[in-house]
Amino acid sequence: MASAAESVTVTISIEAEAAAREENNATLIAALDGKNLGDVESSWVLDVINDAERGRWIATVGADAIAELSYRFVGGRVVLLTTWVDPAARHNRVATELIARVLDEVRESGKKITVICPVVGEFIARHAEYLDLIDKVHPGSGAYPRHEPGGGNHDEDLAALERDLT
């Protein structure tokens, strides 16, 4: 029987967590290829629930949570932190519908957003009708994605990245 004084060592690899987060973001960004709001709807019937107690919007299909967008309220703004989609639900426009519905809800509330999540930043870059939601004083590190200047077809680059990740 283990005593209460025994300790358990948990090893956390910051590099591994960062790599997993980057891979998740790259996969979700690659799926954001719609050009208008009609293209953001998932191929599934989603419910989007605001779990205010835990600071996240959750996309569900039936009783199953398949995606979430975490947030915090700071200074009257909604800070959008991270987007996650269950790998089995990817490539079904779940992230795009979740983000669009969250941004529509934020718009109705009259609040502004600070974007930390690069997936949300990419979504807004592709759907300029949401640009007015970004707080001008505190836009956030993910608000305005930096794309390499000069030619090149960004959609082709994202499609190639998506093929590499699947």
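The values are calculated or read from the model by the stated rules, or taken from the named source; none is laboratory data. Being a predicted model, the structure only gives us computed values, none of them experimental. Counting neighbours? That spans all protein chains shown, and the Cβs are built from the backbone with ideal geometry, glycine included. Side chains included, ligands, DNA and RNA excluded: accessible areas come from the protein's heavy atoms. Shrake-Rupley method; radii C 1.70, N 1.55, O 1.52, S 1.80 Å.
Below is a table of values for the structure above.
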{"read-out": "Filtered residue count, the range 104-129, keeping only those that are in contact with an Asp or Glu (Cβ under 9 Å, 6 or more places away or on another chain), assigned to a helix (DSSP H, G or I) and modelled with pLDDT of 95 or more", "value": "1"}
{"read-out": "Verdict on I99 being closer than 21 Å to W44 by Cβ, assigned to a helix (DSSP H, G or I), under 16 Å from the mean Cα position of the chain (by Cα) and among the β-branched types (V, I, T)", "value": "yes"}
{"read-out": "Given (1) over 17 Å from S141 (Cα atoms); (2) modelled with pLDDT under 90, number of the condition E22 does not satisfy", "value": "(1)"}
{"read-out": "Top-ranked residue of the range 133-159 - restricted to ones that are among the charged types (D, E, K, R) and open to solvent by 70 Å² or more (accessible area, probe 1.4 Å), ranked as modelled with the highest pLDDT", "value": "K136"}
{"read-out": "Of residues in the range 79-93 being surrounded by fewer than 20 Cβ atoms within 10 Å (Cβ to Cβ) and touching a Cys at 6+ places or on another chain (Cβ under 7 Å), the one nearest to L133 (Cα to Cα)", "value": "L81"}
{"read-out": "Selection from the range 59-78 of residues that are surrounded by fewer than 20 Cβ atoms within 10 Å (Cβ to Cβ), in a strand (DSSP E or B) and not hydroxyl-bearing (S, T, Y)", "value": "V61, D64, A65, R72, F73, V74"}
{"read-out": "Tabulated pairs, the range 34-54, first among the small types (G, A, S), second modelled with pLDDT under 80 and not in a loop (DSSP other than H, G, I, E, B), C-beta under 8 angstrom, 6+ apart or interchain", "value": "G34/V40"}
{"read-out": "Selection from the range 99-110 of residues that are touching a helix residue (DSSP H, G or I) at 6+ places or on another chain (Cβ under 9 Å) and either among the hydroxyl-bearing types (S, T, Y) or buried (at least 16 other Cβ atoms within 10 Å of the Cβ) (or both)", "value": "I99, A100, R101, V102, L103, V106"}
{"read-out": "Pairs where the first residue, in the range 104-131, is over 19 Å from W84 (Cβ atoms) and the second is open to solvent by 20 Å² or more (accessible area, probe 1.4 Å), C-beta under 6 Å, 6+ apart", "value": "K112/R77; K112/D135; A125/P145"}
